[in-house]
Amino acid sequence: MMRETERLGGTRVKEIIEGLDALYAEIAREQEIWKKASPFQCPDGCGSCCVDFEPDVLESEALYLASWMLCHQRDRALAILDGSFVSPRAGTPAAGSPGCVLFDPETPYHCTVYEGRCLICRLFGYSGDRGKDGRPRLKPCKFLPSLTVASPGDRAAVGGSSEGVEHRQYSEAELLDLFGAVPPVMADIAAQVVALTPDSAQDRLPLREALRLAISKILMLERFSGGSPEV
């Protein structure tokens, strides 16, 4: 995020965004290990989990996305700020559209801000939680094909592919036995994100509201730091 935050000088917001960027990179590394080990893979172009979903986000997540958009999609960011943005969801205005206003049902991968997307959008499908015993566990996404999971040995015997996914809870012991790995735990990662801005740990807003506020804040910091480009 060096390019995205270079106009923010030595501000606290820059520290927050770059701290979140480091956590996002760690999530990607942990998920890559899990993806290579397990058969739980999102089908290309699915997007079913995003169709009617709009995340409630922390300010740090909104600032990250706002910074990314102001660098890579500045006109769209400014349109969100002044209220003229039209969501790609059936061409409806941002204020009246259901679900995430940045979701495009007509493109193959749907998310129009993928590199700047929020925490839950990075975790969903490739993270687990903890059971009452405190141990990691996983319940696969309900949109994955519902078939039988093959063990690593079985997958090797049939050329490296599994037969599918059972929609049930898998314990840590089962995950390790079947795949030799466990996915990142959602609550553990969320706690690290909250720690970036502990004073606002309970403050969440729907993405469309939080993003507009974050864009305004970053533009103000750009002006104060003397780094705002001509618009």
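Points to keep in mind about this one:
- Cα-projected label distance for residue 28 with residue 11, points at 7 Å along beta-carbon direction, nm: 2.4 nm
- FRET efficiency estimate (nearest 0.05) - Cβ-Cβ, residue 2 to residue 82, R0 45 angstrom: 0.95
- Restricting the stretch 1-109 to GluC sites (Glu not before Pro) that sit in a DSSP loop and have at most 16 other Cβ atoms within 10 Å of their own Cβ leaves 106.
- With K and R counted +1 and D and E -1, the other residues having a Cβ less than 15 Å from that of residue 29 yield a net charge of -2.
- Dividing the C-alpha radius of gyration of the stretch 2-225 by 2.2 N^0.38 Å, with N its residue count, gives 1.12.
- Based on C-alpha pairs under 8 angstrom that are at least 6 apart in sequence, the stretch 2-225 has a relative contact order of 31 percent.
- Inter-label distance, nm, simple model (7 Å from Cα along the C-beta direction), residue 114/residue 35: 1.0 nm
- Label-point separation in nm, residue 213 to residue 48, each point 7 Å along Cα→Cβ: 3.4 nm
- Using a Förster distance of 35 Å, the FRET efficiency for residue 187-residue 74 (Cβ separation, nearest 0.05): 0.50
- Annotation: peptides 137-143, 112-118, 43-49, ranked by per-residue average of other Cβ atoms within 10 Å with the highest first, follow the order 112-118, 137-143, 43-49.
- Rounded FRET efficiency, nearest 0.05, which uses the C-beta distance separating residue 142 from residue 203 and R0 of 30 Å: 0.50
Values quoted throughout were computed directly from the atomic coordinates according to the rules given, and no laboratory measurement underlies them. None of the values given here were measured: they were computed from a predicted structure. FYI the Cβ positions are ideal-geometry reconstructions off the backbone, even for glycines, and counts take in every protein chain you see.
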